[in-house]
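**Q** First the structure, which I've put down as structure tokens, then a few questions once you've had a look.
Computed from the coordinates by the stated procedures, all read-outs in this text should not be read as laboratory data. Treat the numbers as computed from the prediction; the structure is a model and nothing was measured. Glycine also receives a Cβ, built like all others from the backbone with ideal geometry; neighbour counts cover every protein chain displayed.
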Amino acid sequence: MFKKEYPNKIFYVNLSPNNISSEQLEFGAHYARFKKSEDPNIRIGVPNDKRYEYYLNKYFEAGIPDLISYDSYPFTTLENVETVIHNTLWEIQQIVNVFGKKYGVPYWNFLQIGGKWDGWYREVNYAEMLLQIHISLAYGAKGIELFPCCFPNDFLTCGDICCGVFDQYGNPTKYYHWLSVIFKQVKAVEKYLMNSELKNTITAGKYSGLLPSKEEINKIQWNECIYQGELPEYGNINVDRYKELIAVDATSQVFIGCFDCDGETLYYLVNNSIVSATNVKLTFDGEYNFTVVKDGKEVEQAGSELYFQCVPAGDGILIKINK
């Protein structure tokens, strides 16, 4: 019916994230108007991935959208720990990628542009902006959304906060200038990633995130949501190696999305940190010709090893093995 009436429009509903209350998952943004949820499949205590799988199944039972889109903002301040990253940055993208493949639809990921609109979301720094963009690309997101893009009128009562690409007066913010630079890489890799399918993911190296001590983490409510260097697991997309890549050495943790790109192998490497640069060596099982895209620039390289020095925190690099 929608396609018949609006053939040139995109049909989707912006979904909730995977780490909210039962009432929010069942009744939506206006949950306070409804009674308490009694659905045992989404109660607090059921693992977030299982709750979200149930939620998405019910969504797709109602109809197949043109894409999966959802709100999920990972950069928070819990207690006084300002470097906390919520697991949702990795976990929810694993889940929607699996569902996207199952139903033949892509997913788009919202970026957190700024913070302080709900109290615990912190203002995003440059490394955090890089990380959320490049992790999205490495998981196979086919679209990037911005929240907020323009400063929302209902945020005017939040005080002096920096969020949005444009402020309340219509002026470009620091995020506008950051994204103008970062999106050069997004544009440069688009022609490869839009025609690619995620096959597996790899992590290598020790996580560097300025995490507090275990004693401090134990004091934080819902501390299981804090990323501490181990990817949340969902589906079957995590392996030790993928095709030609036989070893990854990194001075701090890297995340690699492994793709099939029209029959060619493609890797998207991300420095999985918001605080530390990393040096990376990739070792392959033979001599290859590579296309490497970094900082929006494309170069050709050849050999059995690739070296990348001082990859900035959160930054990403595309590596394609050419036939």
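**Q** Which order results if Asp167, Asp66 are arranged by neighbouring Cβ count within 10 Å, fewest first? List each step's numbers first, then the result.
**A** Numbers: Asp167 18, Asp66 13.
Ascending number of Cβ neighbours within 10 Å: Asp66, Asp167.
**Q** Can you give the log10 of the normalised intensity I(q)/I(0) at q = 0.11, 0.12 Å⁻¹, computed with Debye over equal Cα scatterers of the stretch 1-113?
**A** -0.41, -0.48
**Q** Hey, another quick one. Select from the chain the helices, each a whole stretch of DSSP H, whose alpha-carbon atoms run 24 Å or more along the helix axis and whose Kyte-Doolittle mean is at least -0.5; answer none if there are none. It would help to have the intermediate numbers written out before the result.
**A** Details: long enough: 174-193 (29 Å, -0.10).
Membrane-span-like by this criterion, though nothing is claimed about a membrane: 174-193.
**Q** In whole Hz and in residue order, list the ³J(HN,Hα) couplings for the stretch 7-21 that follow from phi through the Karplus curve 6.51 cos²θ - 1.76 cosθ + 1.60, θ = phi - 60°; x for Gly and Pro.
**A** x, 9, 10, 9, 9, 7, 10, 6, 8, 6, x, 9, 10, 10, 6
**Q** Can you give me the relative contact order of the stretch 2-198 as a percent, contacts being Cα pairs under 8 Å and 6 or more apart?
**A** Details: 269 pairs, mean separation 30.9, N = 197.
Once divided by the residue count of the stretch 2-198, the mean separation gives 16 percent.
**Q** Here is a further query. Karplus couplings for the stretch 146-161 from phi (6.51 cos²θ - 1.76 cosθ + 1.60, θ = phi - 60°), rounded to Hz, Gly and Pro as x?
**A** 10, 9, x, 7, 9, 4, x, 4, 6, 8, 5, 8, 7, x, 7, 10
**Q** Among all lysine pairs in the stretch 204-323 that are eight or more places apart or on different chains, how many have alpha carbons less than 30 angstrom apart?
**A** Final tally of qualifying lysine pairs is 20.
**Q** Once you charge only the Cβ atoms, +1 for Lys and Arg and -1 for Asp and Glu, what is the size of the charge dipole of the stretch 215-322 about its Cα centre, to the nearest 20 debye? Each step should come with its number before you reach the end.
**A** Numbers: 7 positive and 18 negative charges, 41 e Å.
Result for the stretch 215-322 is approximately 200 debye, rounded to the nearest 20.
**Q** Mind checking the full-extension length gain between Tyr307 and Glu5? Use 0.36 nm per residue of separation minus the Cα-Cα distance, one decimal, nm.
**A** Values: separation 302, 0.36 × 302 = 108.72 nm, distance 5.30 nm.
Extra length from Tyr307 to Glu5 when fully extended: 103.4 nm.
**Q** Could you give me the ³J(HN,Hα) list for the stretch 268-281, computed from phi with Karplus coefficients 6.51, -1.76, 1.60 and θ = phi - 60°, whole Hz, x at Gly and Pro?
**A** Listing the rounded values in order: 10, 9, 10, 6, 7, 8, 10, 10, 10, 6, 9, 9, 10, 10 Hz.
**Q** Please list, in chain and number order, the residues 5+ apart from Ile85 or on another chain whose amide H is under 5 Å from its amide H, with Hs placed from the backbone.
**A** So Ile85 has HN proximity to Tyr227.
**Q** Now a separate question. Please list, in order, the residues from the stretch 59-95 whose amide nitrogen is less than 12 Å from a point placed 7 Å along the Cα→Cβ vector of Glu38.
**A** The answer is none.
**Q** Hey, another quick one. Going by amide H atoms built from the backbone, whose H comes under 5 Å of the H on Glu123, apart from near neighbours?
**A** It is Lys116, by chain and number.
**Q** Could you estimate the translational diffusion coefficient of the chain from the Stokes-Einstein equation, with Rh from the Kirkwood formula over C-alpha pairs, at 25 °C and 0.890 mPa s, in whole µm²/s?
**A** Numbers: Rh = 20.8 Å.
Reported coefficient: 118 µm²/s.
**Q** By a straight-distance test (C-alpha under 27 Å), which lysines pair with Lys35 as possible cross-link partners, with residues fewer than eight away in the same chain excluded?
**A** Lys50, Lys58
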